[in-house]
Every structure is written in structure tokens, then in C-alpha cells.
Amino acid sequence: MNAFGSKRLCSLQVSFLGATRSVSGSMHLVESGPHRLLLDCGLARGPRDEARQRNRHFPFDPTHIDAVILSHAHIDHCGNLPNLVRQGFPGPIYCTPASKDLIAVMLHDSARIQEDEVHTTSDLGQGARPGGANRRPLYTSRDVNETIDRCVTIDYGVDIDINPEVRLRFTDAGHILGSAIVSLHLQHVGREQRLTFTGDLGRRGLPYLREPSNVPPADLLICESTYGGKLHDSLESMAARMGEIVRRVELRGGKVFIPAFSLGRTQIVVHFLREWMAAGIVPRLPIYVDSPLAVEIAYVHEEHVEQLQKPDRDDIPVEYMLSQEEARIRGMQREPCIIVASGGMCEGGRIISHLRHHLDDPRSAIVLVSYQAPYSLGAQLMQKTPTVRFHGRTWNKWIDVEQINGFSGHADKVDFQALLGSAVGKTGQVRLVHGEAEACEALAVQLREMGFGDVRAPEYEEVVSVA
Ligand SMILES: [Zn+2]
């Protein structure tokens, strides 16, 4: 029987339980013979009640899962693991050593946010009845500790028999520190089948993380598609643009604010700011990072520095600001500087308090380096309307609003061509996940042109069989 109660005729089946035609809540259930493995266990985002229900209730029995295989430490891939453990999942969680250290940081932060949310909701009288399910946080830091204890780490390029019929190998996905492409060799009643899950695939030509590995061929390839059909800016054009913005702001005596997600984007932005300052492309202004989470993430990067293609240079200093008071004082100082603050879409995080002081500051600039969802403040700032509503009042948007694409940690059209090229002709079905419908469709067209035969984007809860 498979997860949904129908009889299974094939030896390998995959149920797509998240990140289908969307980019949140990555989770796929692999069933091979008697084995049940979960690829990722991410938090779903989206319309509040729907996401809450999806996160709280798994569409399978967690006590019947043998093991979880984790591609990387972003919350949309690992963020529901403590809830799985809390609901009785008994097995190990396989991940790389750097991913284990990163999920400890990310999941404790996530538990804190959820505990705070429950308090805020109950303070406002919006919770369910006292003692109701929605009054409980999804998980607590105790569940996170239990989750971290379950992690079994595997280095890149090492084959591990996780049971006599399932062999696992991680290769470097080059997306964030510790990110992995998952390869499974599955045997059942004398048949051998291969499954590859790309997780999130990185960009080539950003010499900070290592280059992503080529995607291994498989009978079933599950491939991300976030930037299907898109082309990122080149490193040279990004550097020139940043140089021009920082020079302009320095002349006016303003500040450059860069809102960035704490894991991945912040490290890439800081790394290249230092490189470009050392090369004389960007003026040497003080760099401050305003994100408590990024401080802990920076420690993890130091511990795994051998995983980086080009570690951060130390001749250009970066100061991490721990307290909100320190950040406030820095933000008010007269000297020009660059502040990288948490909150990639300006919807939350430390960037909010800087915007409250500088949104109408014509000397300063805000540089958006992340995807901006249509509802977000970041997207509203980019619109050509003369004003914006923020924190209960109307602002004139006198700050310069700039956007630099290219700091992305995701493969673009050219990267997909290069990274998937060696799998053409040796791969069976391809199923596209982790992309909006338009991106999935664009990548599907490209992969068919490359020579992949059976390419589709599955629906939520769709089951794919490999005969
Ligand atoms: Zn990711």
C-alpha cells in the first residue's frame, strides 16, 4: 500500500507532498519495497490557515517513515523536521556535516518565532479555544534538540548503505553551505533503480561556494526549477552597478541598505562587497551586518571554511551588530556606510527599523537583492508610484530604490543547461518541483529541447511510479 492507501504495483513510487508548482514546503515521499524515505521536510508558507494546516498535519503516518534525507538547511526544506520528530518519527536524518550545524541554528530560530507567534496571537485574543491545537507552537526548542540528535552526517562523494537495499550519496549542490544533490540506488526483488533529487541547485561562476556538481542521471530525476527560463546578471555587471550606487550615496553622505535573507544571501553579498572593495570597484565604506541569526551562521561558515571555494578576505572588516540598540545608533550616525540587514523582502527583520528612519532620506539607497513577492513592501518600493504605505503612514520614497539581480543562490537557464547536460540520454522521467508554474513550464520546454523525454511538473499529492 502507498501513503494514500492504494496498492502499489511498482517497486519505486514517489509522492510529491510539497513545493509543487510553488517554492515552499519541499517534501517528497519515496517508497521502495518495504522502505519509506522522506526527501526534505520543509515548512510551507502561503495563505495563513492553509499553510498552518499543511504544516501541522502530515499526509502520512510519521511513525512509518524509516529515514529522512535532507538536501540543505533552508527553512522551506528542513523547517518541519522537529514537528515530524514530535509526532513520532523514529528514524535517522541524513545530512552533510555543515547542514547539521546550520539546521541547529535555523530550527532554534524557527522554534522561537513560533513560540512568539502563539503568545502574540493569544495576547490579541485571536487564538483558538484555550488548549486548542492552534494555541500550541508547531514545535519547541526541546523538539529541535531531539531533531539535531537524530542527524547522521555524511560527507560529499561517500556512498553509504542506509540499509541493505538503499545506497545514498551526497554531491555538492553549490547552493548554500552544506547543500547537497541526493542520489539513491534502490534495490528491490533483484531490480535496481536510481533516483536523483537536486535539492536547490546553485549558480556557477560565483566564486564563493564551490561550483555545483553535475546532476547524476537517474530513472527518476526530481529537479528544482526556481529560475527556469531566467538569466542572471553577470558578476562583472553586478560589481559595476554596486560600485555606481555606493559612489553616488557616499558623495551625498547617505547610507546603502541591503535587505537580505540571513542564510545564503547575506554571506554572498558580504563576500562580494569585500572582494569588490579590495579590487577598487566599490568605495571602501564600513560594512555592518544587522542580523542576529547571521552572526551564528557566520560562525558555522568559519567552522566549515574548507567547504568554500574562496573564503572571505579579512583585510576588509565587517562588523556584526548584535543588539537592536547598537543597530539603531549605527543607523543614525552621520558617516556613510553599508548596512546588510535581515528581511529580504522588507516584510520583517531588522531592515524595518532602518526603513522607518530612512525611507524618506534622499541621500540614501536601498538595494534589493532578493526575489520580491508581489504583496511585499520590497515590490511596492519598486513600483513607479510616488508614495508607499508603511507602518501606518504614507511615505514619499525619497530614498533611491535599486535592484541588483544575480546574487541568487539558484541555477539559471544557462546553469541548468550545463549541470543537466551529462544526464541527457541516461535519464528516465524528470519531475520539476520548487518553481512557480511559469518557471516550471519554461524549464520543461528547455529540458525537452535538450533531449529529456518525459518532463512534467507534478500536482500536489501526485504519485509517480517507476516501472
Ligand atoms: Zn534553498
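Odds and ends about this structure:
- Straight-line cross-link reach from residue 413 at under 28 Å between alpha-carbon atoms covers these lysines, not counting any fewer than eight positions away in the same chain: 230, 310, 426.
- Under 14 Å, Cβ to Cβ, from residue 24 - net charge with Lys/Arg +1 and Asp/Glu -1: -1
- For region 235-403, the antiparallel share of DSSP beta bridges with both residues in that region comes to about 15%.
- Against the chain, whose longest principal axis is taken from its Cα atoms, helix 141-150 shows a tilt of about 50°.
- Hits among lysines - C-alpha to C-alpha of residue 255 under 16 Å, sequence gap 8 or more where chains match: 397
- Axis angle, to the nearest 10 degrees, between helix 265-278 and the longest C-alpha principal axis of the chain: 50 degrees.
- Anisotropy class of region 382-467 from Cα gyration tensor, a/c 1.5 cut: prolate
- Where both bridge residues fall in the chain, DSSP classifies roughly 50% of the beta bridges as antiparallel.
- For region 235-403, the dipole from Cβ point charges (+1 on Lys and Arg, -1 on Asp and Glu) about the Cα centre works out to 880 debye, to the nearest 20.
- Overall dimensions of the chain by Cα: Rg and Dmax, Å: 22.6, 72
- Remark: spin-label model distance residue 382-residue 398 equals 2.6 nm, labels positioned 7 Å along the Cα→Cβ axis.
- Full extension of the chain between residue 248 and residue 460 gives 71.6 nm of extra length, using 0.36 nm per residue less the Cα-Cα distance.
- The chain, helix-only ellipticity at 222 nm - DSSP H runs n ≥ 4, -39,500 (n - 2.57), divided by all residues, nearest 500: -9500 deg cm²/dmol
- Local net charge near residue 429, Cβ-Cβ under 14 Å (Lys/Arg +1, Asp/Glu -1): +2
- Here the calculated FRET efficiency for residue 284 and residue 56, from their Cβ-Cβ distance with R0 = 60 Å, stands at 0.75, rounded to the nearest 0.05.
- A simple count of charges around residue 288, restricted to other residues whose Cβ falls under 10 Å of its Cβ and scoring Lys, Arg +1 and Asp, Glu -1, yields -1.
- Modelled this way, with points 7 Å down the Cα-to-C-beta line, the labels at residue 438 and residue 160 are 4.0 nm from one another.
- For the pair residue 309 and residue 210 in one chain, pulling the backbone fully straight at 0.36 nm per residue adds 35.2 nm over the alpha carbon distance.
- When each of the peptides 12-21, 32-41 is scored by the mean number of other C-beta atoms lying within 10 Å of its residues, the order from highest to lowest reads 12-21, 32-41.
- Selection from 209, 336, 187, by position along the positive dipole direction of the chain (Cβ): 336
Computed from the coordinates by the stated procedures, all read-outs in this text should not be read as laboratory data. Note that the structure is a prediction, hence the values are computed from the model and not measured. Methodologically, a virtual Cβ is constructed for each residue, glycine included, from the backbone with ideal geometry; neighbour enumeration extends over all protein chains shown.
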